[in-house]
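Have a look at the structure below, then the notes.
Where a number appears in this text, it was derived from the coordinates with a stated rule and is not lab data. Fair warning: this is a prediction, and the values are worked out from it, not measured in the lab. Here Cβ is always computed from backbone atoms with ideal geometry, including for glycine, and neighbour counts include all displayed protein chains.
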Amino acid sequence: MSKDKMSYYGPFFWVAAVSFLVPLAVAAKAFHEVRLTTRPTPHLDASGVDHAIWDYLLKTHVENGLIDYDGISRDYLFQTYLRQLSEADPRKLTSSADKLALLCNAYNAFVINGVTTHDIHDSVMNFRFEGKEFFDVPEHIFCGQTMSLNHIEHEIVRKRFKEPKMHVALVCAARSCP
C-alpha cells in the first residue's frame, strides 16, 4: 500500500477507533458507579414481614445517608413491604429484639411513605395536614390498625421497650434530626 493511501485512511481509522472506544469508556465508568444489588427472594418471618425487602430498598435507594424518595416510591417492592407491615402480626415473634426491629423498620418505612405520599420537598417539620403535624397524622396501617408516627414511637416503642437510645433508630426525614 502506498503512503498516499495510508494517509487517506488514517484519519478515518482514528475517528472510528475513538467512536468505538469512547462509549466503552463511558459504559465502564457507569458500570463502576452502579451498586449492584439483587432483588430479594420472598422469605417472610413469623410476623409475616420480609425484612430482606426493606434491606434491598435501603441498599438500592439510599446513598451517603440521603434517600432517593422518588426511586423508592416507584419501586413496587416498597408497596409490597408496606402491605406486609399492614398485615403483620408481631405477637408471633418470639424475641423482644425482633419485635423492636419490626417496629423500627415499620416506623422508618412509614416516614418515607409519608414524605412521598404528601410530596414533601422541604421539611416534614413544616408539614400540616388537616390541622395535624406530620408525625401526628393517623395514616399508617400497622397490624391492621391505622396510627400516627407519634403513636408508634411514644405509645408502642417507648412504653413497651423502654429503650433510651430509641430515637437514634427512628428516622425523622430531616437533616437536622439527631
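Assorted remarks:
- Listed residue (Val62, Asn113, Gly144) projecting farthest to the positive dipole end of the range 51-169, Cβ model: Gly144
- Relative to the dominant Cα principal axis of the chain, helix 51-61 is inclined by about 50°.
- When each of Lys132/Lys165; Lys92/Lys162; Lys99/Lys165; Lys59/Lys132; Lys92/Lys132; Lys92/Lys159 is checked by Cα-Cα distance, pairs over 23 Å: Lys132/Lys165; Lys59/Lys132; Lys92/Lys132
- In the chain, Rg over Rh equals 1.27, where Rg is the alpha-carbon radius of gyration and Rh the Kirkwood radius from pairwise Cα distances.
- Net charge dipole size for the range 51-169 [Lys, Arg +1 and Asp, Glu -1 on Cβ; Debye, nearest 20]: 600 debye
- Considering only Ser19, Phe134, Val124, the residue lying farthest towards the positive end of the dipole of the chain is Ser19, judged by Cα position with unit charges set on Cβ.
- Computed log10 I(q)/I(0) for the range 55-157 at 0.13, 0.19, 0.21, 0.23 Å⁻¹: -0.48, -1.03, -1.22, -1.38, from the Debye equation with unit scatterers placed on every C-alpha and solvent omitted.
- Relative contact order, percent, the chain [alpha-carbon distance under 8 Å, six or more residues apart]: 17 percent
- With Cα atoms, 0 to 90° folded angle of helix 76-87 axis to the chain main axis: 10 degrees
- Environment charge of Gly114, counting only residues whose C-beta is closer than 12 Å and scoring Lys/Arg +1, Asp/Glu -1: -3
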